[in-house]
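Have a look at the structure below before the remarks.
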Amino acid sequence: MKTVFKKPHALTDTPFHYCPGCTHGIIHRLVAEALDELGLEGDAIGVAPVGCAYNNYEYFNCDVQQAAHGRAPAVATGIKRVHPGKIVFTYQGDGDLAAIGTAEIVHAAARGERITTVFVNNAIYGMTSGQMAPTTLLGQVTSTSPTGRKPELHGYPINICEMLATLDAPVYIERVASNSVKNINSAKRAIKKAFEIQRAGLGYTIVEVLSTCPTNWGMSPIESMKWLEENMIKRYPLGVFRDRTAEAKASAAAGAGVGAGNGAGAEAGAAGGASAAAVAGNGAGAEAARAGQEARNG
Ligand SMILES: Cc1ncc(C[n+]2csc(CCOP(=O)(O)OP(=O)(O)O)c2C)c(N)n1
Ligand code: SF4
Ligand SMILES: [Mg+2]
């Protein structure tokens, strides 16, 4: 019999523990498919969050290090610097990344660490039973905003991609969604591209995936997909917020240091040298890259 559909090899056979309709499982699959297709499984090291995906080391068929809540980018930085030839990715929820881990993600991105972040934004703390997250929408009911999120009480949602796109170093920032076939295909393309950029040693990449939490949103799986489409995408528009792949490649080819000896490059990058120079602004190529980005940003 011809096999037309199978589990990616980069996923183990352990069944997911996620609730019905939760898109963490879809996003795991996309990461695994990208690793398979790029032949990276043996070279990948994941960093697991604290949140519903805390035990994704049971699911990914590669080494995965658990980090304390919010600290995945710092842990990934250490792993990547010790193993510059590996593909190192963090997998983080919005409570993990945008609340307790805000400092870590901003500084890892600002340093241009050559890691990839898969940011799963479901607008709520799923694991701890539905508290408000920094990404909770205005008016959204959560267990800690029972009458809806109010700006005067709870402040405004944080758009992580837009915020990180104000930094010089990131090479690739894209927001995608997990609610339709079209959007899931696009999410896969984005995750794969991020890994390819990391494999080429070009710099920091992040893919935000809008996700569902039917359990804590109090909805059926179908209603939650609809809610994501009608509410989350309005607040968190899908698209590419930064793509300096071409510029970073050109700088690398011109010998600016990106990708030239990952270990040394990472060290220099941290000190504001090679990798930062390639994407951020010490050198003609980088100046051009910055001008191009500014033009795109309007
Ligand atoms: C230092 C620390 N503070 C708080 C917690 C409690 N905690 C566990 S998971 C979590 C939030 C998870 O939400 P998110 O990161 O959005 O992941 P999700 O479950 O929604 O995927 C919190 C606050 C913890 N484990 N450690
Ligand atoms: S609580 Fe929410 S985020 Fe966690 S597994 Fe269930 S649906 Fe997914
Ligand atoms: Mg969450």
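The values are calculated or read from the model by the stated rules, or taken from the named source; none is laboratory data. The structure presented is a predicted model; accordingly, all values stated were derived computationally and were not measured. Here the Cβ is made from the backbone with ideal geometry for all residues, glycine too, and neighbour counts use every protein chain on show. Accessible surface is based on the protein model in full, side chains and every heavy atom, while ligands, DNA and RNA are left aside. Shrake-Rupley method; radii C 1.70, N 1.55, O 1.52, S 1.80 Å.
Checking each residue in segment 37-71 for being within 15 Å of ligand 2 (Cβ to nearest atom) and either out of contact with any helix residue (DSSP H, G or I) (no Cβ under 7 Å at 6 or more places or on another chain) or among the basic types (Lys, Arg) (or both) picks out TYR54, ASN55, GLU58. From the list ALA98, ALA123, ALA76, pick out the single residue that is in a helix (DSSP H, G or I), within 16 Å of ligand 2 (Cβ to nearest atom) and under 20 Å from ILE27 (Cα atoms). Going through ALA98, ALA123, ALA76 in turn, just one is in a helix (DSSP H, G or I), within 16 Å of ligand 2 (Cβ to nearest atom) and under 20 Å from ILE27 (Cα atoms): ALA98. If only one of GLY95, GLY148, GLY101, GLY130 is over 19 Å from ARG175 (Cβ atoms), open to solvent by less than 20 Å² (accessible area, probe 1.4 Å) and within 15 Å of ligand 1 (Cβ to nearest atom), which one is it? Exactly one residue qualifies, and that residue is GLY130.
Would you check if ILE191 is within 16 Å of ligand 3 (Cβ to nearest atom) and buried (at least 16 other Cβ atoms within 10 Å of the Cβ)?
When the stated conditions are applied, ILE191 does not pass them.
Exactly one residue among GLU162, GLU174 is in contact with an Asp or Glu (Cβ under 8 Å, 6 or more places away or on another chain), in contact (Cβ under 8 Å) with a residue 24 or more places away in the chain and within 21 Å of ALA110 (Cα to Cα), and that residue is GLU174. State whether one or more residues within segment 192-209 are under 20 Å from the mean Cα position of the chain (by Cα), within 16 Å of ligand 2 (Cβ to nearest atom) and in contact (Cβ under 8 Å) with a residue 12 or more places away in the chain. Yes, that holds for at least one residue. Would you check if there is a residue in segment 13-25 being out of contact with any His (no Cβ under 8 Å at 6 or more places or on another chain), closer than 28 Å to SER129 by Cβ, away from ligand 2 (no atom under 16 Å from the Cβ) and open to solvent by less than 60 Å² (accessible area, probe 1.4 Å)? Checked against the condition, which is being out of contact with any His (no Cβ under 8 Å at 6 or more places or on another chain), closer than 28 Å to SER129 by Cβ, away from ligand 2 (no atom under 16 Å from the Cβ) and open to solvent by less than 60 Å² (accessible area, probe 1.4 Å), segment 13-25 yields no hits at all. With respect to GLY51, is the statement that it is surrounded by 20 or more Cβ atoms within 10 Å (Cβ to Cβ), within 16 Å of ligand 3 (Cβ to nearest atom) and not in a helix (DSSP H, G or I) true? It is true that GLY51 is surrounded by 20 or more Cβ atoms within 10 Å (Cβ to Cβ), within 16 Å of ligand 3 (Cβ to nearest atom) and not in a helix (DSSP H, G or I).
For segment 5-22, check the following and say yes or no: at least one residue is part of a helix (DSSP H, G or I) and either at pLDDT 95 or above or of a type in the set (Gly, Ala, Ser) (or both). Checking segment 5-22: not a single residue is part of a helix (DSSP H, G or I) and either at pLDDT 95 or above or of a type in the set (Gly, Ala, Ser) (or both). The test for being open to solvent by less than 20 Å² (accessible area, probe 1.4 Å), within 30 Å of ASN216 (Cα to Cα) and in contact (Cβ under 8 Å) with a residue 12 or more places away in the chain does not hold for VAL64.
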